[in-house]
Amino acid sequence: MIEFAPDIPRWRQVAEVIRQRIKNGTYAPRTRVPSVIQLMEEFGIATQTAHKVHRALRAEGLIYTEPGMGSYVSKDLNFE
């Protein structure tokens, strides 16, 4: 787990961790990112907080969700 800063919403902090993992290649294009349940377990966050993380990353185009299959890193990312 990470130590959360009190003045930044937790979902933003967790989204930043996942964003950095995508940028550094921990999660490569077309590979699964942690599910809502996995985010809850790893970061000790609530269900709604984990859903906000996924929504934010989808809105940025970093991940996409296949219904019933999971969420994956988008294939054409450019971090310049």
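The values are calculated or read from the model by the stated rules, or taken from the named source; none is laboratory data. Quick caveat, the model's predicted, so the values are computed rather than measured. Cβ placement follows ideal geometry from the backbone for every residue including glycine, while neighbour counts extend to all protein chains displayed.
Taking the criterion of being more than 15 Å from SER74 (Cα to Cα) and assigned to a helix (DSSP H, G or I), would at least one residue in segment 22-31 satisfy it? Steps first, answer last, please.
Restricting attention to segment 22-31, the residues satisfying the condition of being more than 15 Å from SER74 (Cα to Cα) are none.
So far as segment 22-31 goes, no, none of its residues is more than 15 Å from SER74 (Cα to Cα) and assigned to a helix (DSSP H, G or I).
Once segment 23-80 is narrowed to residues that are under 11 Å from the mean Cα position of the chain (by Cα) and of a type in the set (Lys, Arg), the residue that is farthest from ILE8 (Cα to Cα) is ARG32. Quick check, is ASP76 modelled with pLDDT under 95 and either outside any loop (DSSP other than H, G, I, E, B) or surrounded by fewer than 13 Cβ atoms within 10 Å (Cβ to Cβ) (or both)? Taking the combined requirement at face value, the residue satisfies it. So which residues in segment 8-59 are touching a Leu at 6+ places or on another chain (Cβ under 7 Å) and among the β-branched types (Val, Ile, Thr), if there are any at all? Matches in segment 8-59: VAL14, ILE18, ILE22, ILE45, VAL53. When GLN13 is tested against (1) over 20 Å from LEU62 (Cα atoms); (2) polar (S, T, N, Q); (3) surrounded by 14 or more Cβ atoms within 10 Å (Cβ to Cβ), only condition (1) is not met. Could you tell me whether ILE8 is in contact (Cβ under 8 Å) with a residue 24 or more places away in the chain and in a loop (DSSP other than H, G, I, E, B)? In short, no.
How many residues does segment 32-63 contain that are at positive phi and either assigned to a helix (DSSP H, G or I) or without any contact (Cβ under 8 Å) to a residue 24 or more places away in the chain (or both)?
Of segment 32-63, the ones at positive phi are 44, 61.
Of the ones still in play, those that are also either assigned to a helix (DSSP H, G or I) or without any contact (Cβ under 8 Å) to a residue 24 or more places away in the chain (or both) are 61.
Number satisfying all stated conditions: 1.
What tally of residues in segment 6-34 results from selecting those that are under 21 Å from GLN48 (Cα atoms) and of a type in the set (Lys, Arg)? Explain how you work it out, then say what you get.
Applying the first criterion (under 21 Å from GLN48 (Cα atoms)) to segment 6-34 yields 6-19, 32-34.
Next, only the ones that are of a type in the set (Lys, Arg) stay: 10, 12, 19, 32.
Result for segment 6-34: 4.
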